[in-house]
1. Can you compute the charge dipole magnitude of the chain about its Cα centre, using +1 on each Lys and Arg Cβ and -1 on each Asp and Glu Cβ, nothing else charged? Give it in debye, rounded to the nearest 20.
2. Show that you can apply the helix-only estimate: for the chain, add -39,500 (n - 2.57) for every DSSP H stretch of four or more residues, divide by all residues, and state [θ] at 222 nm to the nearest 500.
3. Mind checking the angle between helix 43-53 and the chain's longest principal axis? C-alpha axes, 0 to 90 degrees, to the nearest 10.
4. Going through the cross-link list 47/94; 38/217; 116/217, which pairs have a Cα-Cα distance over 20 Å in this structure?
5. Check cross-link reach from residue 286 to the lysines: straight Cα distance under 16 Å, and skip same-chain residues fewer than eight apart.
6. Calculate how steeply helix 59-76 sits against the longest principal axis of the alpha-carbon atoms of the chain, using the helix alpha-carbon long axis, and give the answer as 0 to 90 degrees to the nearest 10.
7. Taking the convex hull of the alpha carbon atoms in segment 63-109, what volume per residue do you get, in Å³?
8. For the chain, build the charge dipole from Cβ charges (+1 Lys, Arg; -1 Asp, Glu) around the Cα centre, then report which of 280, 103, 218 sits farthest towards its positive end.
Amino acid sequence: MVNVQARLARHEPTVAVTQFARDVMAGLTARPKHLSPKYFYDAAGAKLFEQITALPEYYPTRCELAILSENAAAIARLVPERAALIEFGSGSSKKARILLAAAPQVAAYVPVDISKEMLNDEAVELRRDHPRLTVLPLETDFTEPFQLPAEVAAMPRAGFFPGSTIGNFEPHEACSFLRHAGRILGRGATLIIGVDLVKDAKILNAAYDDAAGVTAKFNLNLLTRINRELGGNFDLESFSHAAFYNSERHRIEMHLVSKQRQKVEVAGRAIEFRAGETIHTENSYKYTLETFGALARGSGWAPVAVWTDAGGNFSIHALVNEL
Ligand code: AVJ
């Protein structure tokens, strides 16, 4: 996403920017203040997230990749012949590549993401690496209802939603998302979904507040993005990163904490902060195998298989759509 002036100068639509602006203004004028974690991923944020996935403390990506690699054949057996594989929030498609290598029966791959550049770059490489695979990138916000490309309408479908991105949703939103995915994929479809697990708070806290400070930069980058795209004047020095496990609600919370009483301007509007007041920027819900299984069943999906890493840190569930 680019700033409004640049878009107007190039006669590009400002709709996406306006949605960001609306959400930011609503979140910063609410009490408590909050912002959606989906806005972390501008170009700089996507790079910082890549760095997070390589941190010693951030176990989810490594554990999920290990589960996928070790069980790729078993997971691939749940994907039907000549299927279309639909990935929700595909990013770099690194995990889908593991699945695609083990599932040569997949006829079409539909990566769904809001980042057009990443989608197109990845599509070029995937077509080169899998000449018989039809790659149909779809540039859209996968949390909103969308239509699949006509080419896959007659194919059996499997969904792929790795990374525990479902943890960013409130449990009731996770339920709506699963129902929405069920409508897109159709009755009888399989969904392969990565889910982070409840564990010792020390491990969780370290994973979201790393020693090198990369997660802090990732969190603060949201203010940099607001400054650039919405004409904000946040002073990054006067906010600090906070992340902690809320054991009652089974979630990591990330906040940006105002170090002092201050006034900030965003898109010409004054936003006041008390000393210590926070902007709640992310929840990352953690489940047990049982609580996630129950959520899936309550959303119309029957659990058919589950895999975890050796340490029991992360899980991949296979679900079948019963609705
Ligand atoms: C991409 C949502 C799975 O919750 O672990 C990483 C995002 N935030 N460090 C997560 C994130 C801080 C990540 N998800």
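1. With Lys and Arg at +1 and Asp and Glu at -1, about 340 debye.
2. -11500 deg cm²/dmol
3. Tilt of helix 43-53: around 60 degrees.
4. Pairs exceeding the cut-off: 116/217.
5. Result set, ordered by chain and number: 199, 202.
6. With both axes taken from Cα atoms, the answer is about 20 degrees.
7. Hull volume over Cα atoms, normalised by residue count, gives 69 Å³.
8. Of the options given, the answer is 280.
Throughout, read-outs are computed from the coordinates displayed, never taken from laboratory work. Every value quoted in this text rests on a predicted model; they were computed, and no experiment measured them. Quick reminder, even Gly has a Cβ in these numbers, built from the backbone with ideal geometry, and neighbours come from all protein chains shown.
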